[in-house]
Amino acid sequence: MLTQNLGFPRIGANRELKKACEAYWKNEISLSELLDAGKIEKLKNWNFQQEQGIDLIPSNDFSFYDQVADLAFMLDVIPNRFHSLKSNLSKTDLYFALCRGYQNNGFDVAPLEMTKWFDTNYHYLVPEFTIDQNFKFNNTKIVDEFIEAKEMGIHTKPVLIGPVSFLKLGKEKHSDFNKLILIDKLLPAYIEIIKKLKTAGATYIQIDEPFLATDLNNDEIKIYKRILHSLFNNISEIDFILTSYFEGIEEHVDWLKDLPIKILHLDLIRAPKQLDCFLDRLPNTITLSLGIIDGRNIWKNDFENSLSIINKAIDKIGSHRIILAASCSLLHVPYSVNYEDSNKGIPEIVKNNLSFAKEKIKELHILNQLANYKNNSSVKATLLNNKEERLKCKSFNVFNNEEVISKTIEINALKTSIKRSLNFEERINLQKHDLKLPLFPTTLIGSLPQTKEIRQKRNLYKNKKLTSSEYQSFIKHEIKKAILWQEEIGLDILVHGEFERNDMVEFFGEQLNGITFTLNGWVQSYGSRGVKPPIIYGDISRKKQMTVELAKYAQSLTNKPVKGMLTGPITILQWSFVRTDQPRKITAEQLALAIREEVIDLENAGIKIIQIDEPALREGLPLKNYKKNEYLQWAVNCFKLCHWGVMDQTQIHSHMCYADFNDIMEAIINMDADVISIETSRSQMEVLDAFKSINYPNQMGPGVYDIHSPRIPSVEEMCDLLYTASHYISIENLWINPDCGLKTRNWNEIDLSIKNMVSAAKLIRSAIHTPTLSN
């Protein structure tokens, strides 16, 4: 049997690529130094996979920012607003402008919109298509990287997002048309790319079509059949690998089996039941790639279970028609467990059951050996050791908490009574009277810049070189400065700045039982932004109050309301590596109970506005329609559980990230948050159309400042966005805020941007001549 990998982490074992990119953006290193840093990471990844015996090693899975942006750039899908930059910037800088925007030398160009990659926490850049869109092979990155590896003695398998998925990943811009009508104009560019790869010596090419795993209508299926047949029939002597992931594709077996492909990849972690269908129906010309290593989670593979799947496939179609693989790209897991120290981070028993990207590559090799040498004594020893480690982990007493289990059982018996006592219309009147806010209240989403000094102090504290009282004194000093700054510029609702928090999920996870953290388990979120997802290994409970002390301190400094800031249970769940021995729903309920305790304590401490962020609510939505309602029901119930029991005068906020909200609107209403804020600036408020179509009843803060870009938006730009928002949401229900938290920006950027935001609010208020809501 062969082995293949679909993609490898690209940020580096110690985030080398992040550091190189950010140094380049600050003009601290040259372009050649940046490119050299990229080459080093690619070579390390290729060499490691070759050393581990991987037969089909990917290339073009590397990116300096995002693989979808790479493809858009390669196909010259560059919006008109960037054309003026073409003669002023290098290709690399033009590419980064596409990703980050450009504001320099008299130019002010907004970047591409960003959204989540299916149901993951990875963000991709959204291509923009016009009705007269043309495509051409404009950048040779995919060919160059294949040749680069070839010259190093490594024959790779170039990875290319398929043409149908590429179009579906993008958005129609300014015209009422279906982007899929562009498919016949796009196809020749794909054929040219593949021919160039063939000329360069490629023999295998991986075509990723992840949308095959979503619900497709009849017209989309017809397009898939026609285009894939045309693409694969056009070029001989290339073994095409058709890849999909995150769900099953068995409903398409009748036409997939007729495609002229060499290999078909199945995600058997997310959809194990689809295997039987393909074993029975595929012709002997097609090899099956079995995605039996979990590319989305970090637990060791269950070799015994995997071997039962492999042996079933061998018995049916023979080992010569089987390739072993991870379920998807390993982009979604950290680099290596070897960078963890169980004396400082993860408990030893948990660490012994972890498998990151490098370990998963090794697991593929081991599984291949186990399948080929079933009766070998060392094989039997390996199987036994794998089984014993997993059983030891499950039986470890810190995993289970009977009190928490009892509480979740009790909560499930109270489902219908978990709600606010008054409806929104009645609550909001009480809140207006208490809070006395103006029309278009201004606020921030939560975090303020995490300066170098803040990070240094946190590291000193973690390494016990700073006492708890010294660290708390420093944090309170930063909070005081932040409150004074917000008062000076005229914000209506203030935040304490979250200076004590490293990450919105990590901060809470560190204060909950049943969760542990890596020291170096970085995963790319977008561009140079990395996160360290928590590892949920046991039952969850709150150790002590998590945010109350600093919230009370911040509120004591001002007469204006200060928001209590919490991360919601679904976001903690989605942005963590979650235990697999119980349903995710149960884990989410345990998280909700812990967050609820904090909400009640904040209210008792006098905090009148509490924000429970759920940016990942839409992200967790299953790809298949028949699974969506069940997920949304328990996800919304968990959010309601968090604020169950608060007074009606207490105003509950939530925040959500970029997403297509159309298919979760009913769920958003059912969350019953008094105010939600969402990211809308990059889409020019287009996402609000979903809220208008159902006449969203509660209050909303559509973002007017894109915090993912260094651009500083003008007052006029923000006024235009607010005017656009007023066509979707009643002005009485509109709040004004940035898209997201400001921790990744610097103070110079946000000082100007937030001042502009407050000025925009004042201008809009004066233009409308409406009395304040408190009257």
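The values are calculated or read from the model by the stated rules, or taken from the named source; none is laboratory data. No experiment lies behind these values; they were computed from the predicted model shown. Neighbour counts run over all protein chains shown; Cβ positions are idealised from the backbone, glycine included. Side chains included, ligands, DNA and RNA excluded: accessible areas come from the protein's heavy atoms. Shrake-Rupley method; radii C 1.70, N 1.55, O 1.52, S 1.80 Å.
Within region 136-156, the only residue that satisfies the criterion of being buried (at least 22 other Cβ atoms within 10 Å of the Cβ) and under 23 Å from residue 100 (Cα atoms) is 142.
A quick yes/no check of all residues on (1) among the charged types (D, E, K, R); (2) modelled with pLDDT of 80 or more; (3) within 29 Å of the chain's Cα centre (by Cα):
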| position | (1), (2), (3) |
| --- | --- |
| 355 | no, yes, yes |
| 359 | yes, yes, yes |
| 362 | yes, yes, yes |
| 368 | no, yes, no |
| 383 | no, yes, no |
| 389 | yes, no, no |
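Give 704, 715 a once-over and let me know the one that is touching a helix residue (DSSP H, G or I) at 6+ places or on another chain (Cβ under 8 Å), under 16 Å from residue 440 (Cβ atoms) and open to solvent by 10 Å² or more (accessible area, probe 1.4 Å). From the options 704, 715, the qualifying one is 715. The set of residues from region 216-240 being within 30 Å of the chain's Cα centre (by Cα) and of a type in the set (S, T, N, Q) comprises 217, 218.
Figure legend. Inter-residue proximity from region 179-200: first residues of a type in the set (Phe, Trp, Tyr), second residues open to solvent by less than 10 Å² (accessible area, probe 1.4 Å) and in a helix (DSSP H, G or I), beta-carbon distance below 8 Å, spacing 6+ or different chains. Indicated pairs: 190/163; 190/231.
Scanning region 214-232 for residues that are touching a residue at least 12 places away in the same chain (Cβ under 8 Å) and within 15 Å of residue 162 (Cα to Cα) yields 214, 220, 221, 223, 224, 225, 227, 228, 229, 230, 231, 232.
Of 315, 254, all but one fail to be touching a residue at least 12 places away in the same chain (Cβ under 8 Å) and in a helix (DSSP H, G or I); the exception is 254. If you go through region 462-474 and keep only what is open to solvent by less than 80 Å² (accessible area, probe 1.4 Å) and either hydroxyl-bearing (Ser, Thr, Tyr) or touching a Gly at 6+ places or on another chain (Cβ under 9 Å) (or both), you end up with 467, 468, 471, 473. In a residue-by-residue description of region 693-702, the property of being in contact (Cβ under 8 Å) with a residue 40 or more places away in the chain and aromatic (Phe, Trp, Tyr) applies to no position. Annotation: residue 533 fulfils all but one of (1) part of a helix (DSSP H, G or I); (2) open to solvent by 10 Å² or more (accessible area, probe 1.4 Å); (3) within 30 Å of residue 710 (Cβ to Cβ); (4) in contact with a Pro (Cβ under 9 Å, 6 or more places away or on another chain); the unmet one is (1). Restricting 625, 604, 559 to residues that are within 22 Å of the chain's Cα centre (by Cα), more than 22 Å from residue 538 (Cβ to Cβ) and open to solvent by 30 Å² or more (accessible area, probe 1.4 Å) narrows the list to 625.
Looking for whichever is at pLDDT 95 or above and surrounded by 23 or more Cβ atoms within 10 Å (Cβ to Cβ) here; the options are 617, 566. Which one fits? Exactly one residue qualifies, and that residue is 566. Residues that are at pLDDT below 95, among the small types (Gly, Ala, Ser) and open to solvent by less than 20 Å² (accessible area, probe 1.4 Å) number at least 1 in none of the helices (runs of 4 or more DSSP H) confined to region 1-96.
Report whether or not residue 150 is in contact with an Asp or Glu (Cβ under 9 Å, 6 or more places away or on another chain) and on the phi < 0 side of the Ramachandran plot. Considered against the rule, which asks whether it is in contact with an Asp or Glu (Cβ under 9 Å, 6 or more places away or on another chain) and on the phi < 0 side of the Ramachandran plot, residue 150 comes out as no. Among the residues of region 635-681, write down those that are surrounded by fewer than 20 Cβ atoms within 10 Å (Cβ to Cβ) and farther than 16 Å from residue 422 by Cα. Of everything in region 635-681, those that are surrounded by fewer than 20 Cβ atoms within 10 Å (Cβ to Cβ) and farther than 16 Å from residue 422 by Cα turn out to be 660, 662, 663, 665, 666.
For region 154-207: of the residues being assigned to a strand (DSSP E or B) and either aromatic (Phe, Trp, Tyr) or touching a Pro at 6+ places or on another chain (Cβ under 7 Å) (or both), which is farthest from residue 132 (Cα to Cα)? For region 154-207, the residue satisfying everything is 156.
When each of 338, 297 is tested for being open to solvent by 10 Å² or more (accessible area, probe 1.4 Å), free of Cβ contacts under 8 Å to residues at least 40 places away in the same chain and closer than 26 Å to residue 13 by Cβ, the lone residue that passes is 338.
Beta carbons closer than 8 Å, at least 6 apart along the sequence or on distinct chains, pair a first residue in region 111-124 that is open to solvent by 10 Å² or more (accessible area, probe 1.4 Å) with a second that is of a type in the set (Lys, Arg) for 113/171; 113/682; 116/618; 123/116; 124/116.
Each row is one residue, and each column tells you yes or no for (1) of a type in the set (Phe, Trp, Tyr); (2) open to solvent by 10 Å² or more (accessible area, probe 1.4 Å); (3) more than 18 Å from residue 364 (Cα to Cα); (4) in contact with a Phe, Trp or Tyr (Cβ under 9 Å, 6 or more places away or on another chain).
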{"site": "231", "(1), (2), (3), (4)": "no, no, yes, yes"}
{"site": "245", "(1), (2), (3), (4)": "yes, yes, no, yes"}
{"site": "252", "(1), (2), (3), (4)": "no, no, yes, yes"}
{"site": "255", "(1), (2), (3), (4)": "yes, yes, yes, yes"}
{"site": "292", "(1), (2), (3), (4)": "no, no, no, no"}
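The single condition from (1) buried (at least 20 other Cβ atoms within 10 Å of the Cβ); (2) polar (S, T, N, Q); (3) without any contact (Cβ under 8 Å) to a residue 60 or more places away in the chain that residue 203 fails is (1). Report, by residue number, each residue of region 286-308 that is out of contact with any strand residue (DSSP E or B) (no Cβ under 6 Å at 6 or more places or on another chain) and more than 16 Å from residue 2 (Cα to Cα). 294, 296, 299, 300, 302, 303, 304, 305, 308, listed by residue number. Scan region 485-498 and tell me whether some residue there is of a type in the set (Val, Ile, Thr), at pLDDT 95 or above, touching a helix residue (DSSP H, G or I) at 6+ places or on another chain (Cβ under 6 Å) and closer than 24 Å to residue 748 by Cβ. Yes, some residue in region 485-498 is of a type in the set (Val, Ile, Thr), at pLDDT 95 or above, touching a helix residue (DSSP H, G or I) at 6+ places or on another chain (Cβ under 6 Å) and closer than 24 Å to residue 748 by Cβ.
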